[in-house]
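Let me begin by presenting the structure, written as structure tokens, before commenting on it.
The values are calculated or read from the model by the stated rules, or taken from the named source; none is laboratory data. On a predicted model such as this, the values are computed, not experimentally measured, just so you know. Backbone-built Cβ (ideal geometry, glycine too); neighbour counts: all protein chains shown. Calculation scope for accessible area: heavy atoms of the full protein, side chains included, ligands and nucleic acids excluded. Shrake-Rupley method; radii C 1.70, N 1.55, O 1.52, S 1.80 Å.
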Amino acid sequence: MRYITPRKAAQGLGSAHSGTADHWFITVSSCALVLLVPAFLLVIGNAIGLPHPELVAYFGRPYPALITALFIVVGMVHFIKGTRIMIDDYFQHTARKVAIIVSVVFSWAVIAAAVFALAKMTLVTFAI
Amino acid sequence: MADVNRGNRPLSPHLQVYRLPMAAVTSIMTRITGHALVAGILLLVWWLVAAVSGPRAFAAADWVVRSWIGFIVLTGSAWALWFHTLAGIRHLFYDSGQLLRIEEAERASWAIIIGSVVLTLLSLILFFFA
């Protein structure tokens, strides 16, 4: 026999009464991303193919840097919430916790890497 | 039990024989494109970090970005991004109670599919010729 109460067995499988916060965040960030997506595609389209020094100078300018930073920060946090819905649909118990942790840690690592690169390109551009 | 009709009962729709409505296909594609975008963002962030790591690191990343592998990943990502964006806009309509009738949802699905391909081609034309 299992030494577990029926309540404990059901815990975590139903509503936590807090899901609307995630849905609202995805709604708000999706509105921001509708504007950021075309802007980001234009920025990246102009950047690909530039020689190294010009590329660094390009991302040292305010608009390319701000649009890229905003797109990656807002996009990756939106990605965390989006993967969370997928994880909640397909994973249970410990696998769910591990998947959520991997998703959050990975996304913030991507954000940190991008922000570091953009900050350094701005500083290098100032040094010139 | 001999009189039970075993051959002529209605069956529940099974994924392998049931033709999914376009609204279901585009809904599944929204989730797939959203997750697949991780490939494009990883490639671009690697490229950005390489640009501040040194000339050799940048040469490697820039080669990948401008190679046929980069072309496939970035063009695929551009399409996935447009698709996910259009499907996201449709979700904003859904949330406000619109486009929920079957014919509307079906038409919106085709608009997302065709729109995403047109916007991707437009992006490529802008990239190569402007």
Worksheet, complete the sentence: Averaged per residue, the 1.4 Å probe accessible area of the stretch B:22-129, protein heavy atoms only, in Å², is roughly 54 Å²
Worksheet, complete the sentence: Here the longest stretch of chain B that holds no trypsin sites (Lys or Arg not before Pro) in a DSSP loop having at most 11 other beta carbon atoms within 10 Å is B:20-100
Item to complete: Normalising by the residue count of the stretch A:21-127, find the relative contact order in percent from Cα pairs under 8 Å and 6+ residues apart.
Response: 38 percent
Practice prompt. Would you mind telling me which residue in A:T20, A:T68, A:T83 has the biggest mean-square fluctuation in a Gaussian network model of chain A, where springs connect alpha carbons within a distance under 10 angstrom?
Written response: A:T20
Discussion item. Inside 10 Å of the C-beta atoms of B:108-115, what's the mean count of C-beta atoms belonging to other chains?
Written reply: 0
Discussion item. Are there DSSP H segments in chain B that both extend 15 Å or more along their axis (alpha-carbon positions) and score a mean Kyte-Doolittle hydropathy of at least 1.0? List them, or say none.
Written reply: B:22-51, B:102-129
Practice prompt. Measure nothing fancy, just the Cα-based angle from helix A:19-47's long axis to the longest principal axis of chain A, in degrees from 0 to 90, nearest 10.
Written response: 20 degrees
Worksheet item: What lysines sit close enough to A:K81 to cross-link, taking a C-alpha to C-alpha distance under 20 Å and skipping anything fewer than 8 places away on the same chain?
Response: A:K97
Practice prompt. Compute the long axis of helix A:93-127 from its Cα atoms, compare it with the longest principal axis of the Cα atoms of chain A, and write down the angle in degrees, 0 to 90, nearest 10.
Written response: 10 degrees
Worksheet item: If you average 1/r over every pair of different alpha-carbon atoms in the stretch A:47-128 and take one over that average, what Kirkwood value in Å do you get?
Response: 14.3 Å
Item to complete: May I ask for the equivalent-ellipsoid semi-axes of chain B, computed as the square root of five times each C-alpha gyration tensor eigenvalue and listed largest first in whole Å?
Response: 42, 20, 13
Worksheet item: So how compact is the protein assembly as shown: Cα radius of gyration and Dmax in angstrom?
Response: 22.6, 90
